[in-house]
Amino acid sequence: MTAGEPRTLFDKVWSDHIVVEETPETPAILYIDLHLIHEVTTPQAFTILRDAGLPVRRPDLTLGTMDHSTPTTPVRTFKDLEIVGEGAARQVMQMQENCREFGLELFAFDSPHRGIVHVIGPELGATQPGKTIVCGDSHTSTHGAFGALAFGIGTTEVGHVLATQCLLQRKPKTLSIDISGSLGPGVTAKDLILAIIARIGVDGGTGHVIEYRGKAIAGMAMDARMTVCNMSIEAGARAGMIAPDDVTFDYLNGRPRAPKGQDWEAAVTRWRALCSDSGARFDKTVSVRGEDLQPMITFGTNPGMAVPINAPVPEINGNASLRKALDYMAIIPGKPLTGTRIDIVFVGSCTNARLSDLQQAANILRGRKVAPGTRMLIVPGSQQVKKDAEALGLHDVFIAAGAEWRESGCSMCLGMNGDTVPRGQLSLSTSNRNFEGRQGSGARTVLASPLTAAASAVRGCITDPREFL
Amino acid sequence: MDPLTKIESRTVVLDVDDVDTDQIIPARFLTTTSRDGLGEHLFRDWRYREDGSRRDDFVLNSPAARDCSILVAGRNFGCGSSREHAPWALLDYGIRAVISSEIADIFRSNSLKNGLLPIVIDKAPHDWLLQNPGVQVGIDVAASCVTLPGGETAAYSIDAFARYCLVRGLDQLGFLQKHAEAITDYEENRQWTP
């Protein structure tokens, strides 16, 4: 690339973090500005450090929380919290020991800052435009909503970052997804990203970093942008990014870890340059008409198997993957899913457990009841989200409706902490993965927005949320 | 890590597209703090029923699959979560290479760091391997080439650095550590600090 050539947002953040350029023989050495860690994907990385006698290079750029293996059972004090399973308890203990031994900041059980790793980074203002952010978790793509380059890594790479603050990376390709217009009533960021994955496929973004652009994105609040970027990995993409704008800066201004005073002014000036230049070239481009979108629901066993909520589930027509998926889901092809009885509704996860997600669910649940025979769990994304929701009285709405209001964590998204969907039951979940057994061995999952979740909880069956608007 | 130069094995074929890492190793087994012993739980819910009995109709449970170290899988293998437990479980079970027409990014990166060879080949040889399970296949890591029965070969592409490390059994962390000075220079000279 020659000087002065128009660059993409990704190109700018990438080149700003090159310690050593890539060559045909060797990958680039990329500097990492923020390393988020949690209890599940780090124990073996600390073992690498311990075996090699290495310290953590930049404890000040490392931030730990506990979210995956942690219980969400409501408790009066955290001393009462019982961790489900010996393995989970050992993992939580080890996380505390590792952070103590290596001098790392950890938001443990009693911390008001604890929560899902992808909720607390933005909430603290640690997630900022132009940063490189990694975590041993594929949904690290969430942080791209701020114009950061953020992606999930494996445990060996967690060890690399702990030891050197760097990663070995080949430069990915770029994919522009332009969303025109605006989303209609009852159509949310979740519906948009499910529609995108249904269109480009669960491998449509493999090898690429996505930049989401266009009027529909510009009109979205940060919570919604995070939902979109969060599921970039479900299209196979390395990361998803959105250029920062005034919405981003307003969100960050005054947050605990955001720059202050003169530093803030300087940062905003720098951040304003973080956009794709006019004429910047992407390796692939996709256009979506925002105004055409409907509330979406998944019917199969990957997030790409999704249809508009009133549309029929596709016919099998000799497609072996579809047959396998529908057999597992016990779903009939050729008919819409609306009216299908559901056992569990889960509102939570790094995709949809921020304050605005809970507000959307509460708007439908207010003055209504969860249908008999349906269990509804509402799990805030962080202790801060919980506190903010309670200040607005949302918990009263949920409890009055008969839903369970719980402590924060990953919870039933992946069922590592004892919150699982029993075998054979159908769960409508605001999380990100409907893989076989994801929410518990033999569990069946359909993914949808918090609005669809709340509407469906009230009826006890899959319901178009627009009936409640 | 031991050097990986050649693999000779019959193939075991899992003709399913989009196999996600939740199938390879379900989340309930991620509470471990070690990387050992995960082979027992590889494809747990496809290999075993709820009561713990084996599903004899699952391909990895067939007698022919025993001792196979090459897994041929459908397109987009290893999608989903970043859990490195997926390659750890495959290796612990005895798999040394996965052949597909597409492999998910994070799974591929994790595999290369553990001596599990992720091989992406063209659709035609991939289709042939899917349709002919149990054939004897050779993999020459240095030449980046799969030899099919009858002597036909299928080349695959792999990052040159990853191959260099695999063939010599090198840990990539050592390479990063050798650049400590460049990393310090970067930290001291960058335009802004995180």
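Sparsely packed loop sites in region A:1-99 (the trypsin sites (Lys or Arg not before Pro) outside DSSP H, G, I, E and B with at most 12 other Cβ atoms within 10 Å) comprise A:Arg76. Working note: Karplus 6.51/-1.76/1.60 with θ = phi - 60° gives region A:52-62 the couplings 8, x, 9, x, 7, 5, 10, x, 6, 10, 10 Hz, where Gly and Pro are set to x. In a simple Cβ point-charge model (Lys, Arg +1; Asp, Glu -1; nothing else charged), region A:214-348 has a dipole of about 220 debye relative to its Cα centre. Amide H contacts of B:Arg10 (H built 1.01 Å from N, in plane; Pro and chain starts excluded): B:Ser69, B:Val137 sit under 5 Å, all sequence-distant by 5 or more or on other chains. Summarising the amide proton neighbourhood of A:Cys461: residues at separation of 5 or more, or on other chains, whose placed amide H is nearer than 5 Å comprise A:Ile342. Computed on chain B, with alpha-carbon pairs under 8 angstrom and 6+ residues apart, the relative contact order is 26 percent.
Within the straight-line cut-off of under 17 Å between alpha carbons, the aspartates and glutamates reachable from A:Lys335 are A:Glu315, A:Asp327, A:Asp464, sequence neighbours fewer than 8 places apart in one chain being disregarded. Size descriptors for region B:3-52 (Cα atoms only): Rg and Dmax, in that order, 13.7, 41 Å. Amide hydrogen proximity for A:Thr174: with H placed 1.01 Å from N in the peptide plane, the residues at 5 or more positions away or on another chain lying under 5 Å are A:Val209, A:Asp283, A:Lys284.
Assuming charge only on the beta carbon of Lys and Arg (+1) and of Asp and Glu (-1), the dipole of the protein assembly as shown about its Cα centre is about 1020 debye to the nearest 20. Counting only trypsin sites (Lys or Arg not before Pro) that sit in a DSSP loop (anything but H, G, I, E, B) with at most 16 other Cβ atoms within 10 Å, what is the longest stretch of chain B containing none of them? With a cap of 16 other Cβ atoms within 10 Å, the longest stretch comes to B:67-177. Residue-wise HN-Hα couplings along region A:434-451, as the Karplus relation 6.51 cos²θ - 1.76 cosθ + 1.60 with θ = phi - 60° gives them from phi, are 10, 4, 3, x, 4, 8, x, 4, x, 6, 10, 10, 10, 9, 6, 7, x, 5 Hz; Gly and Pro carry x. As a ratio to 2.2 N^0.38 Å, the alpha-carbon radius of gyration for region B:17-118 is 0.99. Taking every alpha-carbon pair under 8 Å whose residues sit at least 6 apart, chain A reaches a relative contact order of 17 percent.
The phi-based Karplus calculation (6.51 cos²θ - 1.76 cosθ + 1.60; θ = phi - 60°) puts the 3J(HN,Hα) values of region A:235-241 at 9, x, 6, 5, 7, x, 9 Hz, whole numbers, x for Gly and Pro.
The alpha carbons of region A:13-91 give a radius of gyration and a Dmax of 18.0, 58 Å, in that order. Exceeding 21 Å between C-alpha atoms, which entries from my cross-link table qualify? They are A:Lys171/B:Lys113; A:Lys131/A:Lys387; A:Lys190/A:Lys387; A:Lys131/A:Lys260; A:Lys131/A:Lys173; A:Lys173/A:Lys324. Correct reply: A:Lys131/A:Lys387; A:Lys190/A:Lys387; A:Lys173/A:Lys324. Using only Cα coordinates, the Kirkwood hydrodynamic radius of region A:95-209 works out to 16.7 Å. Could you give log10 I(q)/I(0) at q = 0.05, 0.06, 0.09, 0.12 Å⁻¹ for chain A, computed by the Debye formula over C-alpha point scatterers of equal weight, without solvent? Debye intensities relative to I(0), on a log10 scale: -0.17, -0.25, -0.57, -1.04.
Springs join every pair of Cα atoms under 10 Å in this Gaussian network model of chain B, and among B:Phe161, B:Phe107, B:Phe77 the largest mean-square fluctuation is at B:Phe161. Summed over all non-identical Cα pairs, the Kirkwood treatment of region B:107-185 gives a radius of 14.5 Å. Compute the longest continuous run of chain A that contains no exposed GluC sites (Glu not before Pro); treat a site as exposed when its DSSP state is not H, G, I, E or B and it has at most 11 other Cβ atoms within 10 Å. Between the exposed loop sites, the longest stretch runs A:83-314. Inter-chain neighbour count for A:206-219: the average number of beta-carbon atoms from partner chains within 10 Å of each residue's beta-carbon is 1.
The numbers here are math on the coordinates, done by the rules we state, and not lab data. As the structure is a computational prediction, the values presented were derived from the model and not from experiment. As a convention, Cβ positions derive from the backbone with ideal geometry for all residues, glycine included, and neighbour counts pool all protein chains shown.
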